[in-house]
Amino acid sequence: MFENEEVESYSNEKLIDEGLRDYMLRIYNYMAGGLLATAAVAWLVVSNPAILKLFFTPHGYSALGWLALFAPLIIIFSFGWVLNRGTLRQVQATFWCYSALMGISLAPIFLAYTGTSIVRVFLITAATFGGLSLYGYTTKKDISGWGSFLIMGVIGLIIASIVNIFLKSSGLYYALSYLTVFIFAGLTAYDTQKLKSMYFAGAHNEDFAARIAISGALSLYLDFINMFMALLRLMGDRR
């Protein structure tokens with residue numbers, strides 16, 4: 001009797017472990033696909049002069065460029081509504097649309113920085129992100145308390161960045177870049193552990209798990225992109 005219970009318990013744990021791995025793999029696959037879509041669109045815009053002129057002029061962004069710049073913000077604010085009320089296909093479409101629009105927004109980095117430094121910083125970001133995400137996944141320590149502190153840090157970054165548009169302080173610029181790296185490094189570990197916990201809360205519901213996988217991929221995507229851009233400002237070689 002006890003042997004049967006032990007076998008059944010072991011089988012259930014094995015099924016949970018396999019389900020969790022599949023769930024996390026789905027998140028990372030979505031995230032990697034989003035990064036690939038962003039890079040592909042950015043490269044397409046930069047490598048095609050006709051497309052580049054649609055979004056950027058010698059004096060800065062065109063009207064269409066400004067629209068592409070702010071469209072991702074609109075999508076982020078509306079994503080929660082789509083996640084809760086839209087179909088799964090609509091949630092997927094929103095994620096891919098966001099990734100593509102980010103490619104347009106980030107296209108100028110290919111013009112501002114050398115390709116070698118972009119690749120170097122990308123690899124550094126990938127290694128850092130991987131280590132932090134692994135920590136968030138494997139640690140037994142509850143780091144949920146980091147959340148409110150880190151979100152406050154993000155809000156502070158946004159406010160300080162807006163202020164620095166007018167101050168144009170190079171010292172504050174670099175200080176904000178360092179803070180961005182640290183804050184989104186913490187968010188990478190925090191979001192990974194949070195996503196792991198959410199799996200156990202809704203693993204029985206396939207639609208819920210699929211939606212959370214996309215939402216989680218977007219969160220990790222944003223963590224990666226923000227770390228990458230901050231490190232590029234600190235370590236990238238300008239043309």
Q: Mind counting the residues in segment 138-169 that are out of contact with any helix residue (DSSP H, G or I) (no Cβ under 7 Å at 6 or more places or on another chain), of a type in the set (Phe, Trp, Tyr) and surrounded by 11 or more Cβ atoms within 10 Å (Cβ to Cβ)?
A: 1
Q: Would you point out which residue out of 135, 173 is in contact (Cβ under 8 Å) with a residue 40 or more places away in the chain, surrounded by fewer than 18 Cβ atoms within 10 Å (Cβ to Cβ) and under 17 Å from residue 233 (Cβ atoms)?
A: 173
Q. Which pairs do you get when a residue that is small (Gly, Ala, Ser), found in segment 56-79, comes within reach of a residue that is part of a helix (DSSP H, G or I) and at pLDDT 85 or above, reach meaning Cβ atoms under 7 angstrom, with the pair 6+ apart or on two chains?
A. 62/54; 62/55; 65/55; 68/55; 68/101; 68/104; 68/105; 71/101
Q) Which numbered condition trips up residue 9, out of (1) modelled with pLDDT under 90; (2) farther than 25 Å from residue 211 by Cα; (3) surrounded by 11 or more Cβ atoms within 10 Å (Cβ to Cβ)? A) (3)
Q | Filter result (surrounded by fewer than 23 Cβ atoms within 10 Å (Cβ to Cβ), part of a helix (DSSP H, G or I) and of a type outside the set (A, V, I, L, M, F, W, C)) within segment 222-238 | A | 226, 233
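Just checking, how many residues over segment 84-99 are among the hydrophobic types (A, V, I, L, M, F, W, C), under 21 Å from residue 67 (Cβ atoms) and surrounded by 19 or more Cβ atoms within 10 Å (Cβ to Cβ)?
Looking only at that region, the number is 1.
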Q | Filter result (within 16 Å of residue 109 (Cβ to Cβ) and either among the acidic types (Asp, Glu) or assigned to a helix (DSSP H, G or I) (or both)) within segment 52-63 | A | 52, 55
(Q) Residues to consider are 93, 40; find the one that is small (Gly, Ala, Ser) and over 16 Å from residue 217 (Cβ atoms). (A) 40
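Please work out if residue 109 is in contact with a helix residue (DSSP H, G or I) (Cβ under 9 Å, 6 or more places away or on another chain), at pLDDT 95 or above and within 16 Å of residue 233 (Cα to Cα).
no
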Q.
Here is a check on your reading of the model: is residue 144 in contact with a Phe, Trp or Tyr (Cβ under 8 Å, 6 or more places away or on another chain), farther than 29 Å from residue 39 by Cβ, small (Gly, Ala, Ser) and without any contact (Cβ under 8 Å) to a residue 60 or more places away in the chain?
A. yes
Q) Here are 129, 149: which of them is without any contact (Cβ under 8 Å) to a residue 40 or more places away in the chain and among the aromatic types (Phe, Trp, Tyr)? A) 149
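Conditions tested, residue by residue: (1) among the acidic types (Asp, Glu); (2) over 17 Å from residue 219 (Cβ atoms); (3) assigned to a helix (DSSP H, G or I).
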{"position": "143", "(1), (2), (3)": "no, no, no"}
{"position": "148", "(1), (2), (3)": "no, no, yes"}
{"position": "156", "(1), (2), (3)": "no, yes, yes"}
{"position": "161", "(1), (2), (3)": "no, yes, yes"}
{"position": "182", "(1), (2), (3)": "no, yes, yes"}
{"position": "201", "(1), (2), (3)": "no, no, yes"}
Q.
If I filter segment 157-182 down to residues being more than 21 Å from residue 80 (Cβ to Cβ) and of a type in the set (Val, Ile, Thr), which single residue comes out as modelled with the lowest pLDDT?
A. 165
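Within segment 39-55, take every residue that is free of Cβ contacts under 8 Å to residues at least 60 places away in the same chain and small (Gly, Ala, Ser) and give me the one that is nearest to residue 123 (Cα to Cα). Break it down into steps so the answer makes sense when it comes.
In the first step, residues of segment 39-55 are kept if they are free of Cβ contacts under 8 Å to residues at least 60 places away in the same chain; the result is 44, 47-55.
The next check asks that each one be small (Gly, Ala, Ser); those that pass are 47, 50.
Values: 47: 22, 50: 30 Å.
Applying the filter and picking the extreme gives 47.
The values are calculated or read from the model by the stated rules, or taken from the named source; none is laboratory data. Just so you know, these numbers come straight off a predicted model, no measurement behind them. Glycine also receives a Cβ, built like all others from the backbone with ideal geometry; neighbour counts cover every protein chain displayed.
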